[in-house]
Each structure stands twice: as structure tokens, then as C-alpha cells.
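Chemist: Quick one: structure below, then a few questions.
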Amino acid sequence: MNADTTTSAEELRNVMVDKIVEEHQWRGLPLRADVERALRKVPRELFIPGVSVEDAYADTAVITKRENNMNLSSVSAPNVIADMLNQAHGQHILEIGSGGYNAALLREIAGPNGSVTTVDIDEDVTDRARACLDAAGYSDVKVVCADAEFEIESGRRYDLIIVTVGSWDIPTAWVDQLTNDGTLVVPLRTLG
Ligand SMILES: C[S@@+](CC[C@H](N)C(=O)[O-])C[C@H]1O[C@@H](n2cnc3c(N)ncnc32)[C@H](O)[C@@H]1O
């Protein structure tokens, strides 16, 4: 990446984050300083190679895997991610559903003594997330290919589990993997 591209990506990123901050302020749900810092730091364009920097900072979801007219995986829209991160507190974090980008943001939020594991059921998705995380300098994020309805690492507890796939219920494994005062953030569908 040359100097011009880097500068414009950073500028576009800051414009996008300014809008997210403003919108949260307007809704009376101010964005936490650590969430804002992470959004300003993580280069989203590195998690969606092949997409222009303008589109990388258009604040929309980017589909990363599609089969038989079905969207199987995506990198979520930053404003949606920001909403979830604003409710998420924890140092040892499990993310369910891996795009790479959100895991990098979580790694920033977890701090130097924290840890992030991201799990996805689809090996194409985990391979992609691993490559993007490494390219962006987040090699210490652990990427696991598994069905997250079940325990990921035997006996391991997390103080934050953040689910980035729409869910109809809460599998017992999610609650079992939380520490006593841990937080579960999940986009739960209720009554449709
Ligand atoms: C919206 S994408 C994740 C977006 C990502 N967190 C990001 O950085 O933007 C949802 C992902 O959930 C995964 N998924 C669906 N069911 C799952 C399950 N039971 N266990 C693990 N991953 C699952 C899909 O394969 C898909 O890649």
C-alpha cells in the first residue's frame, strides 16, 4: 500500500467514525472511548481485500461468501458492530462468527492482557479470517473452525461472548462458557 492510499484510507475511516460517533450521540447512547479508538485504528480495508477503500468505509456489510443465491458470510457494517461493542465489556473474549474485522476491533478493546478467540463453522471463513488478521498484524487472535452451539475449548471461560450471527435461542454452551459475571451480547430474535 503506498503513502497516498494509506492517507486516504485513514481519512475515510475517520469520516466514517465521525458519523458513527455523531449518530450514537444523537440517539443518547454515546460511543465508548475505547470502541471509538478501536474503530479509528483498525484498517477495515485489510479485511475485505478486493473492495475499494471508498466501499470499505461506506459503512455497509460486505458479503464474503455466497452460494446458491444465499449469503453465507459477511463482514458486518461498522455501525452495527459499534452498537454491539458499546454493550460489550470483557478482557477474555469469544466472538461467534468470524469476519476478521470485528475480532481485530475486539483485540484492541481487550487490551494487552486480554485475549480474543473467534469461531466460525465454515472453514473457508476461518481461513479467510486467519489470513486477514495476520495481514493486519493481529496474529494473536485465535481462530477456530467449529460449531459454536457447542463448547469451543474444554473448560475455558470467557468474560465476554459476542455473537455475530442472528439467533433464535441461547444454547446452554454459551452460558456455560461465561465467567460468573461475564457478558453475553447476542442479536436475539424474539417473536420473529
Ligand atoms: C455476519 S457473519 C460474521 C461477521 C463477523 N463477525 C465480522 O467481523 O463482521 C456470520 C458468520 O456466522 C457463522 N456461523 C453461523 N452459524 C454458526 C455456528 N453454529 N457456529 C459458528 N459460526 C456460525 C457463518 O458461517 C458466518 O460466517
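Chemist: Among the residues in segment 135-144, are any near the ligand (Cβ under 7 Å from one of its atoms) and part of a helix (DSSP H, G or I)? Before the answer, list the steps.
Modeler: Of the residues in segment 135-144, the ones near the ligand (Cβ under 7 Å from one of its atoms) are none.
Checking segment 135-144: not a single residue is near the ligand (Cβ under 7 Å from one of its atoms) and part of a helix (DSSP H, G or I).
Chemist: Find all pairs meeting these conditions: Cβ atoms under 8 angstrom apart; at least six residues apart or on different chains; first residue within segment 82-111 and under 19 Å from D18 (Cβ atoms); second residue within 9 Å of the ligand (Cβ to nearest atom) and of a type in the set (S, T, Y).
Modeler: Correct list of pairs: Y101/S76.
Chemist: May I pose another question? Pick from segment 46-63 the residues that are open to solvent by less than 50 Å² (accessible area, probe 1.4 Å) and within 14 Å of the chain's Cα centre (by Cα): which of them is farthest from the ligand (Cβ to nearest atom)?
Modeler: In this case the residue turns out to be D59.
Chemist: If you don't mind, another one. Restricting attention to segment 146-171, report how many residues are more than 14 Å from the ligand (Cβ to nearest atom), open to solvent by 80 Å² or more (accessible area, probe 1.4 Å) and out of contact with any Ser or Thr (no Cβ under 9 Å at 6 or more places or on another chain).
Modeler: Matching residues across segment 146-171 total 1.
Chemist: Regarding L72, is this residue within 16 Å of the ligand (Cβ to nearest atom), surrounded by fewer than 18 Cβ atoms within 10 Å (Cβ to Cβ) and within 26 Å of S139 (Cβ to Cβ)?
Modeler: Yes: the conditions hold for L72.
Chemist: What number of residues within segment 110-145 are under 23 Å from R189 (Cβ atoms) and either of a type in the set (A, V, I, L, M) or open to solvent by 40 Å² or more (accessible area, probe 1.4 Å) (or both)? Quick ask: steps written out before the conclusion?
Modeler: We begin by selecting, within segment 110-145, every residue under 23 Å from R189 (Cβ atoms); these are 118-122, 125.
From the residues that got through so far, the ones that are either of a type in the set (A, V, I, L, M) or open to solvent by 40 Å² or more (accessible area, probe 1.4 Å) (or both) too are 119, 121, 125.
Looking only at that region, the number is 3.
Chemist: Now a separate question. Among E67, E108, E95, E36, which is in contact with a strand residue (DSSP E or B) (Cβ under 8 Å, 6 or more places away or on another chain) and acidic (D, E)?
Modeler: Working: E67 fails: in contact with a strand residue (DSSP E or B) (Cβ under 8 Å, 6 or more places away or on another chain); E108 fails: in contact with a strand residue (DSSP E or B) (Cβ under 8 Å, 6 or more places away or on another chain); E36 fails: in contact with a strand residue (DSSP E or B) (Cβ under 8 Å, 6 or more places away or on another chain).
On inspection, the qualifying residue turns out to be E95.
Chemist: Still on this structure, please answer the following. Name the pairs: first residue in segment 6-18 and at pLDDT below 95, second residue of a type outside the set (V, I, T), Cβ to Cβ under 9 Å, at least 6 apart or on different chains?
Modeler: T6/P43; S8/E54
The values are calculated or read from the model by the stated rules, or taken from the named source; none is laboratory data. Not measured: the values here are computed from a predicted model. Ideal geometry is used to build each Cβ from the backbone, glycine not excepted, and the neighbour counts take in all protein chains shown. Only protein heavy atoms, including side chains, enter the accessible area calculation; ligands, DNA and RNA are left aside. Shrake-Rupley method; radii C 1.70, N 1.55, O 1.52, S 1.80 Å.
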